[in-house]
Amino acid sequence: MDLENVKQIFKDAGTALSRAVQFTEEKLGKAEKTELDPNFEKLVCFCDSTKQNTENMIKNMEFILNYNPGMRVENLFFLDKKKSELSSLEYLGLAMTEAGNNFGPDTAYGSALIKVGNAQQSLGLNQREFVRSAYDCFINPMNKYLETDMKTIVKERSLLEKRRLDLDACKTRMRKVRMLSTTKDKPDETGPTVEEQIEKAENDLKVAQAEYDRQTEITKLLMEGVPSAHPQHLQHLLDFVDTQAAFYLKCHESLMSLQSDLSGFPSDYNNVATLSPDTPALGRIQQAKVITSQEPRDSSELRLSAGEIISIDVNSDIGSNYFIGKKIQKGKVYKKHFNIFQKNVMNTLQYQPIAML
């Protein structure tokens, strides 16, 4: 290490010490502080508000878009990164599809599980595409702004604060030297005279004032450019809203299509009879309890009340879609054609099988 480097190290250490002393004395109220003009203070407040609000928006948006919080951890510990990139909806869809195939795709429940599972995987894929688009159109550009323009402003403001501390330290030394010239104490003959000390202090003060003024102008120009960035930020925001609207529209369309596909499935699967032409007849008559009341459409039909017991002839040959239903009222046997379930199709009459006679 050469002598010049050593001198520079000591100089930097002395400057840092001087700044620390000045800062401490300001906090203790023992030293004056150069105040910024009101317009500059407004720019500082606006700049700080832009930075803080932008960071807050990005943080909350990333929290919402992080559809799989454990994904980053999984990528560190598992080799199968493709699987870890799936969203929660896609995991649910895979589980439903697997369950539907295990229960039987030809059953009502298994078929419904497969349909819902496929829809969940589609929703999950749309969600991942939305996340990527949101990062591309909003989060990444806003982060880039924070890491470039705003970071430069923060750096220059930090440098301005150092220049301000240097200036105020020079002002403090100047006051002390002038106070020394008014005292009756004889200065050290081996050191610089009072006039020399005053001259040096004045020169240091001029240099510090010039550097402070120059840094103030640089920082001011940079902060004045912050409002000009807001129109671009507005465009990023509009792009995000368009992306979000397209995402929810796709989700709505997928769910409407799923509801349409599921409209043929019974809404009360546990309590609705599932007789069909393929149902093996264990006997001729089956008793059933009416679940839903039904009014007759004409005089040839019977009124059915929820909870009453009827008899159904499962071997009747009225047609592949009909059985004959019977009930006794005041000693008389009344008959009616009951439209029964075709295979996996909802019936208009709901009844619960009780026993075969």
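The values are calculated or read from the model by the stated rules, or taken from the named source; none is laboratory data. The shown structure was predicted, so the numbers you read here are calculated from the model rather than taken from an experiment. We place every Cβ from the backbone using ideal geometry, glycine too, and count neighbours over all the protein chains shown.
Points worth noting:
- Hits in the stretch 91-132 - residues which are buried (at least 18 other Cβ atoms within 10 Å of the Cβ), within 24 Å of the chain's Cα centre (by Cα) and of a type in the set (A, V, I, L, M, F, W, C): ALA119, LEU123, PHE130, VAL131
- Residue satisfying all of: in the stretch 1-52; at pLDDT 80 or above and of a type in the set (Lys, Arg); farthest from LEU165 (Cα to Cα) among these: LYS51
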